[in-house]
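First the structure, in the form of C-alpha cells, and then the observations on it.
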Amino acid sequence: MDLMRQIEIENMKTAVPDFSVGDSVNVHYLIREGDKERVQIFAGTVIAIRGSGIRRTVVVRRIVAGEGVERIFPIHSPRVQNIEVKARGRVRRAKLYYLRERMGKAVRLAANFGKVRGTRSLRRRPEGDAKA
C-alpha cells in the first residue's frame, strides 16, 4: 500500500452513517465565532455526493426564507461532528441539480420506505464474490 493511501485510511472517520442522494440529513458542523466554537446544525437534502476516500464530499441544499442555500461538506473533516439521516428519499439519478429550479412543495421527494441502501463506496462485497 502506498504512503498516501495509508495516511488517508488513518485519518478517515470510521462511523460514517449510511446515506445517499435524496436523503434528508442534519449535518452537525463546528463553527468558530471569535474565540468560541459551537456546533451548528445544517438541515437539508443531499443533492450530490462526489469523491472517494478521504476526499468524499456531499452537497446539502435547503430553502431559507424562500432562497435556496447549498453547502459542501467534506464527510471526513474534523469540523463535521455528526451526520443524522432524518428521512430517506427515493430518487432515480445520481445528482439532483434539477431541484435548484424548484420551489415550495415541488422540492419534495418521494419517501423510500423499502430497502435500506447506502452510498456505493460503503457497501461491502461478500467474501468470495470477486468482481471479474
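The table below lists the values:
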| read-out | value |
| --- | --- |
| Residue within the stretch 88-101 that is over 27 Å from K13 (Cα atoms) and of a type in the set (F, W, Y) present | yes |
| Subset tally (residues that are under 11 Å from the mean Cα position of the chain (by Cα) and of a type in the set (S, T, N, Q)) for the stretch 37-52 | 1 |
| Residue check, R55 at negative phi, surrounded by fewer than 18 Cβ atoms within 10 Å (Cβ to Cβ) and more than 13 Å from the chain's Cα centre (by Cα) | no |
| The lone exception for G104 - which of (1) surrounded by 13 or more Cβ atoms within 10 Å (Cβ to Cβ); (2) modelled with pLDDT under 85 it fails | (1) |
| Verdict on A15 being under 24 Å from F113 (Cα atoms) and assigned to a strand (DSSP E or B) | no |
| Set R55, R61: member being under 30 Å from R5 (Cα atoms) and without any contact (Cβ under 8 Å) to a residue 40 or more places away in the chain | R55 |
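The values are calculated or read from the model by the stated rules, or taken from the named source; none is laboratory data. All values reported here derive from a predicted model rather than from experimental measurement. Note: ideal-geometry Cβ built from the backbone for every residue, glycine included; neighbour counts use all protein chains shown.
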